[in-house]
Amino acid sequence: MRLHLLIVDAQQDFCDGPCNGALAIPGAYADMTRVARMLGRLGDRIDAIHVTMDAHHTVDIAHPAWWRDAAGNAPAPFTIITARDIETGAWTAREPACRERSLRYVRQLETQGNYPLCIWPPHCLIGSAGQSLHPELFAALTAWETAHLGQVDFVTKGDNPWTEHYSAIRAEVADPEDAGTLPNIDLLQALDAADTVAIAGEALSHCVRSTVFDIARALGFDHLKRFVFLTDASSSVPGFEAYGDAFLAEMQRRGMRMATTDTFLL
């Protein structure tokens, strides 16, 4: 059996506890500690590890610096901006030349019906401490590389400021001038070669959900029978739990298996 581990965005800015991340998700630090311990237990049986990592700029369409209201104020984190808000002037791009493209982007999000535009606290800024991995998980990954003379497949995403990039497979809205926003064929092919893919990461409601949906859409929903979701290794952004709960229910109905980090492959 060829076993892969897919870890989504296990970065310090998403972790609570000692990391005190910019976009801390309750339970995330413990989630990733459990993944690190599982990796120590199963390292000899794991053939490949894929780790996705957010990589954002301060000025990003989903960060406060992009937007201003009529009084010149930036939006507070977790503000939802709609196309109607932009059309009425309630919110506008701080750079006037960006207004029309920003409006087109939000309209497309609404047409797709996946997520609205949510303004996040600046997080996983390129080069920052918050962009780095959960410390215990990083130590476990480097130990696995050393023991097996292997290389973790690190997959970065999110450096295009014009689109959110929850999924490790593709951006929310593709930028035809940026191949990094288009489907990640290399990752899809690597996962397609696995017999079993164990999945963990943050946040369940967003990046994990989007990544798994996109893998299933690309490879076929029958592939979900190869996936094992680690239920104690992923948590939702507060207020968005319904996204994560509905995702798990649908994926389980379609054949994705469930396990905990302690029981997987016992």
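The values are calculated or read from the model by the stated rules, or taken from the named source; none is laboratory data. A quick note: this is a predicted structure, and the numbers were derived from the prediction, not measured. FYI the Cβ positions are ideal-geometry reconstructions off the backbone, even for glycines, and counts take in every protein chain you see.
Numerical summary
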read-out	value
Any hit, the stretch 167-177, residues being over 18 Å from Cys19 (Cβ atoms) and out of contact with any helix residue (DSSP H, G or I) (no Cβ under 7 Å at 6 or more places or on another chain)	yes
Subset of the stretch 1-20 that is out of contact with any Pro (no Cβ under 7 Å at 6 or more places or on another chain) and surrounded by fewer than 24 Cβ atoms within 10 Å (Cβ to Cβ) - its residue that is farthest from Asp54 (Cα to Cα)	Met1
Unmet requirement for Ala36, which otherwise passes all of (1) within 23 Å of Asp159 (Cβ to Cβ); (2) in the same structural domain as Ser205 (by TED's automatic domain parsing)	(1)
Residue ID - surrounded by the most Cβ atoms within 10 Å (Cβ to Cβ), chosen from residues in the stretch 156-207 that are under 14 Å from the mean Cα position of the chain (by Cα) and charged (D, E, K, R)	Glu202
Criterion (more than 20 Å from Val173 (Cβ to Cβ), buried (at least 17 other Cβ atoms within 10 Å of the Cβ), within 17 Å of the chain's Cα centre (by Cα) and modelled with pLDDT of 95 or more) met by exactly one of Ala36, Ala62, Ala24	Ala24
Counted residues, the stretch 215-244 - those being assigned to a helix (DSSP H, G or I) and either closer than 30 Å to Leu182 by Cβ or touching a Cys at 6+ places or on another chain (Cβ under 9 Å) (or both)	14
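Quick grid of which residues meet (1) crowded, with 16+ Cβ neighbours inside 10 Å; (2) more than 24 Å from Asp214 (Cβ to Cβ); (3) touching a Leu at 6+ places or on another chain (Cβ under 6 Å):
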{"site": "Asp54", "(1), (2), (3)": "yes, no, no"}
{"site": "Arg68", "(1), (2), (3)": "yes, yes, no"}
{"site": "Pro75", "(1), (2), (3)": "yes, yes, no"}
{"site": "Glu87", "(1), (2), (3)": "no, yes, no"}
{"site": "Ala90", "(1), (2), (3)": "no, yes, no"}
{"site": "Ala93", "(1), (2), (3)": "yes, yes, no"}
{"site": "Arg99", "(1), (2), (3)": "no, yes, no"}
{"site": "Leu103", "(1), (2), (3)": "yes, yes, no"}
{"site": "Val106", "(1), (2), (3)": "yes, no, yes"}
